[in-house]
1. Which of the peptides 45-52, 122-129 is most tightly packed, and how do the rest follow, judged by the mean count of other Cβ atoms within 10 Å per residue?
2. Once you put a point 7 Å from the Cα of Gln396 and another 7 Å from the Cα of Asn96, both along the Cβ direction, what distance in nm separates them?
3. Which percent of the accessible heavy-atom area of segment 30-104 goes to carbon and sulfur, probe 1.4 angstrom?
4. Can you report the principal axis dimensions of segment 275-396 using only the alpha carbons, biggest first, rounded to whole angstrom?
5. Given the options Thr116, Gln51, Gly67, identify the residue whose Cα lies farthest towards the positive end of the charge dipole of segment 17-121 (+1 on Cβ of Lys, Arg; -1 on Cβ of Asp, Glu).
6. Calculated FRET efficiency, Gln372 and Asp74, Cβ-Cβ r, R0 51 Å, to nearest 0.05?
7. Using the heavy atoms of the protein chains and a 1.4 angstrom probe, tell me the accessible area per residue for segment 320-395 in square angstrom.
8. Order 357-364, 156-163 from most to least packed using the mean count of other Cβ atoms within 10 Å.
Amino acid sequence: MGKNEFLTPKAIANRIKAKGLQKLRWYCQMCQKQCRDENGFKCHCMSESHQRQMEVFGQNPHRIVDGYSEEFEDAFLEHMKRSHRFSRVAATVVYNEYISDRHHIHMNSTQWATLTEFVKYLGRTGKCKVEETPKGWFITYIDRDSETLFKEKMKNKRIRADIADEEKQEREIRRQIEKAEQLMPVSNGEAQPSEAEAKLLTKSDGEKVVLSLGSSSKLIGKEKVGSAKLVFEEPETEKKSEKVKDNGKSVKHGGGGRSALDDLMREQEKAKERINRKDYWLCEGIIVKVMSKALAEKGYYKQKGVVRKVIDKYVGEIEMLESKHVLRVDQEELETVIPQIGGLVRIVNGAYRGSNARLLAVDTDNFCAKVQIEKGIYDGRVLKAVEYEDICKIVQ
């Protein structure tokens, strides 16, 4: 059996050694050959095949280096998009995951000498969000996929449409309130002209009865006058009763107008509650408490964090306040945080969803709070009983 043939122990040992990731400085990118030690790499550099590749490289070195740099960048970003699309992660972690593939494009064949230079390049070109911390460089992938951009555009369009619907609803309520206020004094004032007309009518009838008779019929005239007085008195009493009835009707009508207005406003509130009450409540910029007992071993149970991003409405990326670690937690395992009296909160569910408010009081017996909305179309409105689950502290 010849030397180093396929089934010899030496050949098997060489294949086992070549399986793992070797040192990058002993890798030749032009020949795509990995050497196990310095002596092997030196021998490879003196080989005829390597010399031919170096001649090809010498003819146009910039084009070859740019090509390798582009391939390295595309593969690195593809790995980021696939594995850490919505996460803030250390650059070294991503790089170690990337180079675990033996056939990857090596960094020593690109225009970047170190990982730090490559990370700064990603930040300058806007392909990743780059942060330098005492623990090293952290990067966050910026998704510029056309489908993602379209979804974001449609989301913003829906938000604008919801705001426009709320403003339209508010304008309709104000218009109906003004119309009801204009109708109330008119209904009260209609009774007075009718009373005046009835009084004038009875007087004119009485005068006709008295003046239509001659001197020979005084008794009849007196009787007529008496009857006229009786006729005059009866409408007077009837007038008073009608006046009372009319006043009662007007008061009743006025009270009915006020109750109808209250009913209308109550219906509008119920409609807003039905529209804005959702089964999801997470939003960016609020402080929540992690209530997942599965994370208790890692020290995250009942710890607070800031919602940095919402994924598919129900999952949030939470940056912990103490450790600055980023977790993905479902909203079922999160809880809203109530600030001190006077603190700012966001209404995360219900009729006034998305509005910022200031906490005025807390009712611990009924598990609700009193808040006053700040800014927006509902500026200054006081909500007396908002449940704890519908408000959450805002990061400042």
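The values are calculated or read from the model by the stated rules, or taken from the named source; none is laboratory data. None of the values given here were measured: they were computed from a predicted structure. Positions of Cβ are backbone-derived with ideal geometry, glycine not excepted, and every protein chain shown enters the neighbour counts. Side chains are part of the model used for accessible areas, which takes the heavy atoms of the whole protein and leaves out ligands, DNA and RNA. Shrake-Rupley method; radii C 1.70, N 1.55, O 1.52, S 1.80 Å.
1. Values: 45-52: 11.2, 122-129: 14.2.
So the order, starting with the most tightly packed, is 122-129, 45-52.
2. Calculated label separation equals 4.0 nm.
3. Carbon-and-sulfur percentage of accessible area, whole number: 48.
4. That works out to 43, 29, 25 Å along the principal axes.
5. The one lying farthest along the dipole's positive direction is Thr116.
6. Numbers: r = 53 Å, r/R0 = 1.03.
About 0.45, to the nearest 0.05.
7. Per-residue accessible area for segment 320-395 comes out at 54 Å².
8. In decreasing order of mean packing, 357-364, 156-163 become 357-364, 156-163.
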